[in-house]
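Here you go, one structure.
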Amino acid sequence: MECKNCSTTFDGKFCPNCSQKVLAGRFTIKQILRDLFQMITNLEKGFWYTMKELFIRPDQVIKEYLSGVTVKYYNPFRYYIIIVAVSALLQVWLGVFDLQQATIRETFNPNMTEEELQRQLAYMENVKKFLNIIPLIVLPFIATVFYLVFRKQALNLAEHLVSTTYVYAQTAIIGIFLMSSFYFFPEFISYSLPASFLISSLYFAYVYNRLFSMSFLKAFFLSLLSMIGGFLFMIISMGVVGLIIGIAVGIISKLIG
């Protein structure tokens, strides 16, 4: 067979010239989960190359990775985890998270009692510990909605998960610069959420305009719709799961009692 990465002819599971692994068929959820368990977290030169290429030629990165050219690109999930971790660290270190929560309190509940305030502050301190986990939870929901909205583009769910992870990671990098600006201009912190959705949708539109050859305006509208839908899908799903768990606990308590 011929290596998809360097065109060397060989037999076996790995190219003897560049170590590219042979990937038979399309990406699957099972394969993605297996790769997640096998991946390591130390940075390689491919990290910086992938970051640069995703800004310059994002469509090429995604097309090549999905076609099996994976050696020269950083694993999308490892890439996403690292960027999200850095973003969460900076969000806490710069105090942006506290500014956001203070703005939310002033807007939606300005007359909180001291007891309520202390309770919420304690809760938010716990939330801080999971800031790098929350984006990992929302990712599959967003990828699923993107798959449904862009279902005519011939990518399966696993392939959409790969492409969404790469693109969403880049939006997190842009978000780091946006977040840093709020540190210097805290009076604009109330615009952080709409600005985040706008910038993310613009970058998704930039990528999908090139990847799927659709108009930028259509790509932007569908991307914005998919992102909002992904968050709503996550909130509704977690609410349903919480309700089911609550009912189950109640039934078990009654049986035991």
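The values are calculated or read from the model by the stated rules, or taken from the named source; none is laboratory data. On a predicted model such as this, the values are computed, not experimentally measured, just so you know. Cβ coordinates were reconstructed from backbone atoms using ideal geometry, including for glycine residues, and neighbour counts include every protein chain displayed.
Quick check on this structure: which one of Leu161, Leu222 is part of a helix (DSSP H, G or I), touching a Phe, Trp or Tyr at 6+ places or on another chain (Cβ under 7 Å) and under 30 Å from Tyr73 (Cβ atoms)?
Values: Leu161 fails: touching a Phe, Trp or Tyr at 6+ places or on another chain (Cβ under 7 Å).
From the options Leu161, Leu222, the qualifying one is Leu222.
Please go through segment 54-77 and pick out each residue that is under 26 Å from Ile137 (Cα atoms) and free of Cβ contacts under 8 Å to residues at least 40 places away in the same chain.
Tyr73, Tyr74
Would you call Leu232 at pLDDT 90 or above, within 12 Å of Ile142 (Cα to Cα) and of a type in the set (A, V, I, L, M)?
Taking the combined requirement at face value, the residue satisfies it.
OK, next. Cβ contacts < 8 Å: first residue free of Cβ contacts under 8 Å to residues at least 12 places away in the same chain, restricted to segment 101-129; second residue among the basic types (Lys, Arg), any location; separation 6+ or different chain. Result?
Going by the 8 Å Cβ cut-off, the qualifying pairs are Met112/Arg105.
Test of understanding: among Ser180, Ser223, Ser213, which residue is small (Gly, Ala, Ser), at pLDDT below 95 and surrounded by 15 or more Cβ atoms within 10 Å (Cβ to Cβ)?
Numbers: Ser180 fails: surrounded by 15 or more Cβ atoms within 10 Å (Cβ to Cβ); Ser213 fails: surrounded by 15 or more Cβ atoms within 10 Å (Cβ to Cβ).
Going through Ser180, Ser223, Ser213 in turn, the sole match is Ser223.
From the set of residues in segment 101-153 that are of a type in the set (Val, Ile, Thr) and not in a helix (DSSP H, G or I), which is modelled with the lowest pLDDT?
Among them, the one singled out is Thr113.
Suppose we keep only residues that are polar (S, T, N, Q) and either closer than 19 Å to Cys3 by Cα or not in a loop (DSSP other than H, G, I, E, B) (or both) within segment 22-68. Which one would you say is modelled with the highest pLDDT?
Gln60
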